[in-house]
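Presented below is the structure to which this report refers.
Since every read-out is calculated from the coordinates, none of them should be taken as a lab result. A quick note: this is a predicted structure, and the numbers were derived from the prediction, not measured. Cβ: placed from backbone, ideal geometry, glycine included. Neighbour counts: every protein chain shown.
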Amino acid sequence: MEIINTGYISRAEPGTTRACITFAAVTALADGTLLATARAGQDKDCDGELIEFYRSNDNGQSWSKPEIPFRDVMVNGHLGTLKLCYLTEISPGHVLAAAMWIDREAHPGKPLFNSDTEGCLPMAILLADSHDRGQSWSPWRQVPMPDNIGPPSLTNPILKLANCTLAMSIETNKHYRDTSKWKQKAVFFHSTDLGQSWTGPVSVAEDRTARIFNWDLRCGVGVDDRIATFAWTYDTEAEKYVNIHRRISGDGGYSWDAQVDLGFADQAGPPAMLADGRVLLVWVDRFGDQCIRARVAPAIDAPFDADSEVVVYKHQTPPDAGSRDMGDLLAGMEMWSFGLPYATALNDGDVLISFYAGNSQAMDIHFARLRL
């Protein structure tokens, strides 16, 4: 595996409302278009953040200027912002957008995470449809969530299975001022009517002792329709991240094999599921060498080949890698200046990795094209 090209999907504009661009995701559409989304704001968490769209008609060699399809999004009478937006092509030309909305009026001026309670601002999951490859969109609709989910985090694009069932990965959170013990878990919701209604939740990754947290569950559907998930795993007692864990489901996410320790640690990105059955996983090695790495597994349930590893990006000004308590880690996420990699399988067999990187003044969306 080798890197054959690198560049930018979007460049930041220091000192403006586009100084910090993060949460990039690239979707390869059936007609060959690449449609990317990212979050732009004056910093990493602000009440002026917006979702930008970018297009590429040459397989990622060049990208359009940003478009802003969504503004002034209100839920239940409250004005909020979209923190991230993932796209899934349901059928050729029909794109489903799934967004995580943040309520900016419930606790005015407060950051997303409360480092004292480990809670977060109210959130909602919104869906919209486009039938012209993302040129125009339906109104947003909210996905109902059970009370015990708390503010829901959307951790991955919606998955489409062979029978057209959709699966949505949601992470539980505590309410902003809730001082009780956080019992985090990741769950799936399912839809059999193209996202109009949802059933669930079904537990995917959960430690009932509440010691181990499974954050930012990244998921992919293999060529055999099995689902693989990759958890950013945190040990609350040791106060450190441990190795990424993979889980596999053969029935659409209703039951899961025993978790497998992959032997390397930190935050995974959504995997690229290749047409020949191989899986490319990209992850952030933030507390080791401060870089972004990628490896390939020959099958969805196979080990990732260490000899295939490439360093996609090496950060030049590493952050403090010391162990801290969970509240500090959550608050500190706003200061981290590289990460959130996303792997997209391209129609020609290559893989495009997108990620953000920069410094406190400017963070750009980069890409690296990998050939296997």
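A few remarks follow.
- Between amide H atoms placed 1.01 Å from N, distances below 5 Å from ASN156 occur with SER169, all of them 5 or more places distant or on a separate chain.
- Projecting the Cα atoms of CYS85, ASN156, ASN347 onto the charge dipole of the range 2-371 (Cβ charges, centred on the Cα centre) puts CYS85 farthest toward the positive pole.
- If the segment from THR33 to GLN316 were pulled out straight at 0.36 nm per residue, it would be longer than the present Cα-Cα gap by 98.6 nm.
- Of the peptides 71-78, 87-94, the order by per-residue mean of other Cβ atoms within 10 Å, starting with the highest, comes out as 87-94, 71-78.
- Hz values of 3J(HN,Hα) by residue in the range 60-66 - Karplus curve (6.51, -1.76, 1.60), Gly and Pro given as x: x, 6, 9, 9, 6, 5, x
- Whole-Hz ³J(HN,Hα) from phi, Karplus 6.51 cos²θ - 1.76 cosθ + 1.60, for the range 282-294, glycine and proline x: 10, 8, 9, 9, 7, 9, x, 9, 6, 8, 10, 10, 9
- For Kirkwood radius over Cα pairs in Å, the candidate list reads (i) 20.5; (ii) 24.9; (iii) 21.8; the entry that matches the value derived from this model is (i).
- In the chain, helices alone account for a calculated mean residue ellipticity at 222 nm of -500 deg cm²/dmol, with every DSSP H run of four or more residues adding -39,500 (n - 2.57).
- Each residue of the range 366-372 was assigned a 3J(HN,Hα) from its phi angle through the Karplus expression (A = 6.51, B = -1.76, C = 1.60, θ = phi - 60°), giving 9, 9, 9, 9, 10, 10, 8 Hz with x at Gly and Pro.
- Across the options ASN76, LEU34, PRO201, the greatest Cα extent toward the positive end of the charge dipole of the chain (unit charges at beta carbon of Lys, Arg, Asp, Glu) belongs to ASN76.
- Going from the residue with the fewest nearby Cβ atoms within 10 Å to the one with the most, CYS164, CYS219 rank CYS164, CYS219.
- Separation of alpha-carbon centers, the range 123-194 and the range 1-72, rounded to whole Å: 22
- Applying 1/(1 + (r/R0)^6) with r as the Cβ-Cβ distance of ILE4 and THR179 and R0 = 51 angstrom yields a FRET efficiency of 0.50.
- Relative packing of peptides 302-311, 360-369 - highest average C-beta neighbours within 10 Å first: 360-369, 302-311
- Under 5 Å from the amide H of ASP305 lie the amide H atoms of VAL296, ALA297, each residue being 5 or more positions distant or on a separate chain, with H modelled from the backbone and absent for Pro and chain starts.
- Most positive-pole-ward Cα, THR17, PHE367, VAL223, against dipole of the chain from beta carbon charges: THR17
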